[in-house]
Amino acid sequence: MDKKFQEAVVAFAESAQIIADALPQYIKKKQTCLNIQFPYRVIRPLKSHYTRWPYLSDERKRTVACAIQLCDVNQWHLNVWRIGLTAGTMWEWHCTLPVIAVIETLAYEFGCQFSLINEDTKFKKTIDTLQSKGVINTKLRDDLHKLRNYRNRIHLYLQGEIEMHNGKPKKYNDAIRGLHNLERSLRQYCRKNC
């Protein structure tokens, strides 16, 4: 880290604490949020993603690209803030859900487009079918099932004890790797079979 950047990080952290301390009173008095502009160039343009998914309709490309933009925001926050304790674990899970939603959408749409699955096929069977039809390998299938199970924690009543967060967004990074590996596999299958 260069000196100027390091100084900016310290100033940012100090300013964030001042804002956090004053924000409840500010909101109570003004009855509005701060509306600070989110940093430019963090959120990639929608159309910059469209070429990633040649097998999707334009409407679906836009929907998936909107979710990717949310992932851009979440990734920025994950790289900036250190949130520990169980709140950090739940926050990372919250940030990871849109990535897994994109994975599910790509797998489902691809499977439907190539008549590998029916329209009513659930995520678990979609993953298994993509593997059995040679679209993805066994390791990716297993990785996607782990992510699907992680996503299923949306049912809070099924969760056991929430562990303390270690400050590293491992699950989020696993989901991003899973997304990139799925995209690569779908492109390769498409090149051979389209």
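The values are calculated or read from the model by the stated rules, or taken from the named source; none is laboratory data. Keep in mind it's a predicted model, so treat the numbers as computed, not measured. Note that each Cβ is placed from the backbone with ideal geometry, even for glycine, and that neighbours are counted across all protein chains shown.
Considering only residues that are closer than 25 Å to H77 by Cβ and either touching a Ser or Thr at 6+ places or on another chain (Cβ under 9 Å) or small (G, A, S) (or both), which ones fall in the range 145-160? Give the derivation first.
Our first condition is that a residue be closer than 25 Å to H77 by Cβ; within the range 145-160, this holds for 146-156, 159.
Result: L147, Y150, R151.
One line per residue, one yes/no per condition, for (1) out of contact with any Asp or Glu (no Cβ under 7 Å at 6 or more places or on another chain); (2) closer than 30 Å to M164 by Cβ; (3) of a type outside the set (D, E, K, R):
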{"site": "S15", "(1), (2), (3)": "yes, yes, yes"}
{"site": "R52", "(1), (2), (3)": "no, no, no"}
{"site": "R60", "(1), (2), (3)": "no, no, no"}
{"site": "Y108", "(1), (2), (3)": "yes, no, yes"}
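Which of the residues that make up the range 115-150 are buried (at least 17 other Cβ atoms within 10 Å of the Cβ) and in contact with a His (Cβ under 8 Å, 6 or more places away or on another chain)?
I127
For the range 30-49, which positions are without any contact (Cβ under 8 Å) to a residue 24 or more places away in the chain and surrounded by 13 or more Cβ atoms within 10 Å (Cβ to Cβ)?
Across the range 30-49, the qualifying residues are L46, H49.
Tell me, which helices (runs of 4 or more DSSP H) lie completely within the range 50-169 with 3 or more residues that are of a type in the set (K, R) and without any contact (Cβ under 8 Å) to a residue 24 or more places away in the chain?
Details: elements: 58-80, 85-113, 123-132, 138-151.
Of the helices (runs of 4 or more DSSP H) lying wholly inside the range 50-169, none has at least 3 residues that are of a type in the set (K, R) and without any contact (Cβ under 8 Å) to a residue 24 or more places away in the chain.
Has the range 151-170 got any residue that is surrounded by 16 or more Cβ atoms within 10 Å (Cβ to Cβ), within 17 Å of H94 (Cβ to Cβ) and modelled with pLDDT of 95 or more?
Within the range 151-170, not a single residue is surrounded by 16 or more Cβ atoms within 10 Å (Cβ to Cβ), within 17 Å of H94 (Cβ to Cβ) and modelled with pLDDT of 95 or more.
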